[in-house]
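So the structure is just underneath, and the comments pick up after that.
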Amino acid sequence: MNHSTALATPRWRPGLELEYAPLVEKLEQLIPCMEVPIHLPWIDAINMLKQQRGAVIMAHSYQSPEIFHGVADITGDSLALAQAAADCDADLIVLCGVHFMAESAKILAPDKTVLLPDLEAGCSLASSITAADVRALRARHPGVPVVSYANTSAAVKAESDAICTSANAVQVVESMGAAKVIFLPDQYLGKWVAGQTDVELVLWNGTCEVHDQFTAQQVRHTREQFDTLVVAHPECSPEVLAEADFVGSTSAMGRWLEKVQPARVAMVTECSMADNLRDQFPQVEFIKPCNLCPHMKRITLQNIHACLRDLQHEITIAPEVVTRARAALDRMLAVGRRERI
Ligand code: 13P
Ligand code: SF4
């Protein structure tokens, strides 16, 4: 394919299926096979543009299989993407995920251009709290350090002492060396962390609009109906978590599968996560409630292509916010990934 072909609307051409034979075989296991020929021209054009631009594409585990397996160079949970951005050599990063993830990449790689294919890809947790809310919390609890979940805006991160993800929340909280910590904004993750530490947590009332939909009754019904083990993300309610065989972050769920090798598992989390794991664990039968994150699903092959073609939707953050948010993110990176599985 030449440069001008890559810039035009991608169209099917003979030979494409052969060129991408291993990917076609993989995708046909993960999505309906009739979708694959529709995606392939876009995947091909994106890979071409990516090379021309010297870009790196990072994709979160909740991205659709055609993005996760088709065009991403780096994949993983929000901690893995933050770590990759901090270590990235490329000058251009396309973040296939939600806005707070692209902001974290920009804060950790401020000299790089970070593009988000759809700037409206938000998060109910990130929009549940503002920088002013954090200042008010600090005023109410003087001297108490603030640990914020990565699912927050850059402005909230700048008001925080440290950031965590679900992969290291307990360890980051304990690394503060305080008897009491303000933990925000996810109340369910906060309760789950509180159950694993002696540190007293002051919580905010945010929830994830996807994980908050699951109920304990549904989990019990799923277990009976499918005779299955159940794993759940700690953004689910405490009642749901109490019904699960394992509770863990996006990455911990993958390690649990490796260790337990269950015949069948119900994934109480975002639906694409199970789609992407099916490639790694073909012997496992996944029961996947098709709860999709509407924000994650704003990212498509079409808008990835447009953003690389037109170099559009750049993340910009005021330098003073970057400096303060960076200090909080650096504390998280110093703790790293230390889950107990
Ligand atoms: P991870 O930190 O596990 O990647 O999760 C991010 C997220 O948005 C979960 O809903
Ligand atoms: Fe935010 Fe929930 Fe979507 Fe994750 S799944 S990005 S926490 S709304």
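None of the figures in this text is laboratory data; all of them are computed from the coordinates on show. Since this is a predicted model, take the numbers as computed values, not measurements. FYI the Cβ positions are ideal-geometry reconstructions off the backbone, even for glycines, and counts take in every protein chain you see.
Listed here are the pairs 50/106; 112/180; 26/106; 180/259; 180/297; which of them are more than 29 Å apart at the Cα? Display every interim value, and only then the final one.
Working: 50/106 19 Å; 112/180 37 Å; 26/106 32 Å; 180/259 34 Å; 180/297 37 Å.
Beyond 29 Å: 112/180; 26/106; 180/259; 180/297.
Hey, what did region 211-287 get for relative contact order, percent, Cα under 8 Å, at least 6 apart? That works out to 30 percent.
Assuming 1.002 mPa s and 20 °C, estimate D for the chain with Stokes-Einstein, Rh taken as the Kirkwood radius over Cα pairs, in µm²/s. Before the final figure, lay out each step's value.
On the way: Rh = 20.7 Å.
Rounded, D is 103 µm²/s.
Rounded to the nearest 10 degrees, the angle from helix 99-108 to the longest Cα principal axis of the chain is 80 degrees.
Along the chain, the longest continuous region that contains none of the trypsin sites (Lys or Arg not before Pro) in a DSSP loop with at most 12 other C-beta atoms within 10 Å is 12-337.
Just want to confirm a number: the relative contact order over region 126-207, from Cα pairs under 8 angstrom separated by 6+ residues, in percent. Write out the running numbers ahead of the final one.
Numbers: 139 pairs, mean separation 24.1, N = 82.
Value for region 126-207: 29 percent.
Taking a quarter of the surface of the Cα convex hull of region 211-287 gives a mean projected area of 4.3 nm².
Restricting the calculation to Cα atoms, every distinct pair contributes to the Kirkwood radius of region 185-341, found to be 18.0 Å.
Look at the dipole of the chain built from charges on Cβ: of 72, 241, 150, the Cα furthest out on the positive end belongs to 150. In summary, no lysines lie within cross-link reach of residue 288, defined as a Cα separation below 16 angstrom excluding same-chain residues under 8 places away.
Percent of Cα-Cα pairs more than 15 Å apart in region 92-179, please.
Looking at region 92-179, the distances longer than 15 Å represent 62 percent of pairs.
Residues whose amide H lies under 5 Å from that of residue 186, counting only those 5 or more places away or on a different chain, are 149; hydrogens are built 1.01 Å from N in the peptide plane. Against the chain, whose longest principal axis is taken from its Cα atoms, helix 301-310 shows a tilt of about 80°. Restricting region 186-228 to GluC sites (Glu not before Pro) that sit in a DSSP loop and have at most 14 other Cβ atoms within 10 Å of their own Cβ leaves nothing. Mind checking which of 175, 134, 185 is farthest towards the positive end of region 126-207's charge dipole, using Cβ charges of +1 (Lys, Arg) and -1 (Asp, Glu) about the Cα centre? Comparing the listed Cα positions along the dipole, 134 ranks first.
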